[in-house]
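Structure first, commentary second.
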Amino acid sequence: MAHDCGGHHHGSADADPRATRALRIALVATATFLVAEVVGGLVSNSLALLADAGHMLTDVGALALSLFVAWFSRQAASPEKTYGYLRWEILAAFVNGAALLLISVWIAVEALLRFRTPEPIGSGVMLAVAVAGLLVNVGSAWVLHGSHESNLNVRGAYLHVLGDLLASVATIVAALVVRATGWLAADPIASVLSTLLIMRGAWRLVAESVNVLLEATPRHIAVADVRARLQAIPGVESVHDLHVWTVTSGVVAMSAHAIVREPEHHQGVLEGAHDAMRDMGIGHVTVQLERREMYERERHLHP
């Protein structure tokens with residue numbers, strides 16, 4: 001007998017007006033400045049500035065995708081899609097992280113070419129545009145900061161903006177160095193340093209989204225602890241076929257088979273399992289209660 005005792009609370013599926021508003025503000029600011037940065041990069045011939053513009057282009061795409069997913073993932077569930085569209089958040093996070101990694105590789109290759117053949121740079125234009133870009137990125141990061149920890153989709157957009165912020169700082173430093181010393185290598189060096197910082201966050205985002213898509217056990221939950229909490233419930237003899245996974249940000253699910261010999265203990269076991277899992281941050285709980293061992297039958301059905 002299987003029982004879903006966790007209800008249907010879908011956490012991040014519920015609309016977060018603050019996150020949506022933050023994404024909208026960041027998108028408008030970033031898209032507006034992107035044009036100015038591309039023009040500034042072409043006029044000044046700065047790779048660091050064009051690299052920053054490249055990141056900002058991915059920011060526009062990432063923010064637009066995140067905003068769309070924030071709306072789309074709230075669409076109602078259906079008999080065909082019983083979880084609704086919650087996983088779109090994870091797919092968007094994966095795409096954002098992968099895009100950051102690809103653009104970072106491109107910037108690194110361009111920087112190596114610049115090391116071999118330095119090109120003249122209009123450091124004045126480079127500096128002015130980089131400072132303006134820094135202000136835009138600081139504003140965007142500030143409005144996204146409040147929501148990025150609880151939502152993987154918003155975190156992807158936040159990492160894009162944070163990467164641009166770091167790139168802007170590196171570009172400013174490079175522009176000052178070029179103006180003061182004429183050392184043109186400062187430009188590609190700045191682009192490489194900012195790219196390395198960005199790649200670290202992007203790789204973590206990709207790895208985390210892949211773990212969710214593979215339904216891996218969340219890092220903050222130990223399966224052994226879940227099993228121990230379930231087996232400590234009065235009436236439970238043993239627990240097997242235990243799985244814990246993340247549906248989307250803030251929505252952790254668990255399923256298990258529990259041997260409970262006495263039927264009069266069933267309701268108490270279900271209530272105890274619900275309470276124990278809720279204390280561990282698991283909101284969607286499904287427990288199959290068995291009066292006798294079914295290992296052989298299950299092994300035959302699912303070899």
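Couple of notes before you dig in:
- Residues that are over 24 Å from the mean Cα position of the chain (by Cα) and at pLDDT below 55 within segment 6-47 comprise 6, 7, listed in sequence order.
- Exactly one residue out of 145, 160 is out of contact with any Lys or Arg (no Cβ under 7 Å at 6 or more places or on another chain), under 30 Å from residue 17 (Cβ atoms) and crowded, with 24+ Cβ neighbours inside 10 Å: that is 160.
- Taking each residue of segment 166-182 that is touching a residue at least 60 places away in the same chain (Cβ under 8 Å) and looking for partners that are in a loop (DSSP other than H, G, I, E, B) and crowded, with 18+ Cβ neighbours inside 10 Å with beta-carbon atoms closer than 9 Å, six or more apart or interchain, yields 171/46; 174/46; 174/121; 175/46; 175/121.
- Filter pass, residue 168 being out of contact with any Lys or Arg (no Cβ under 9 Å at 6 or more places or on another chain), more than 28 Å from residue 45 (Cβ to Cβ) and in a helix (DSSP H, G or I): no
- Under the condition of being farther than 18 Å from residue 222 by Cβ, within 33 Å of the chain's Cα centre (by Cα) and of a type in the set (A, V, I, L, M), the residues counted in segment 252-269 number 0.
- Reported count of residues in segment 78-125, each being farther than 30 Å from residue 209 by Cα, surrounded by fewer than 16 Cβ atoms within 10 Å (Cβ to Cβ) and not acidic (Asp, Glu), is 8.
- When 154, 210 are checked against the criterion of being surrounded by fewer than 19 Cβ atoms within 10 Å (Cβ to Cβ), touching a residue at least 60 places away in the same chain (Cβ under 8 Å) and either touching a Gly at 6+ places or on another chain (Cβ under 8 Å) or not aromatic (Phe, Trp, Tyr) (or both), 210 stands alone in meeting it.
- Residue match in segment 228-242 (condition: under 29 Å from residue 85 (Cα atoms) and open to solvent by 70 Å² or more (accessible area, probe 1.4 Å)): yes
The values are calculated or read from the model by the stated rules, or taken from the named source; none is laboratory data. The structure displayed is predicted, hence computed values, not measured ones. Positions of Cβ are backbone-derived with ideal geometry, glycine not excepted, and every protein chain shown enters the neighbour counts. SASA here: full protein model, heavy atoms, side chains in, ligands and nucleic acids out. Shrake-Rupley method; radii C 1.70, N 1.55, O 1.52, S 1.80 Å.
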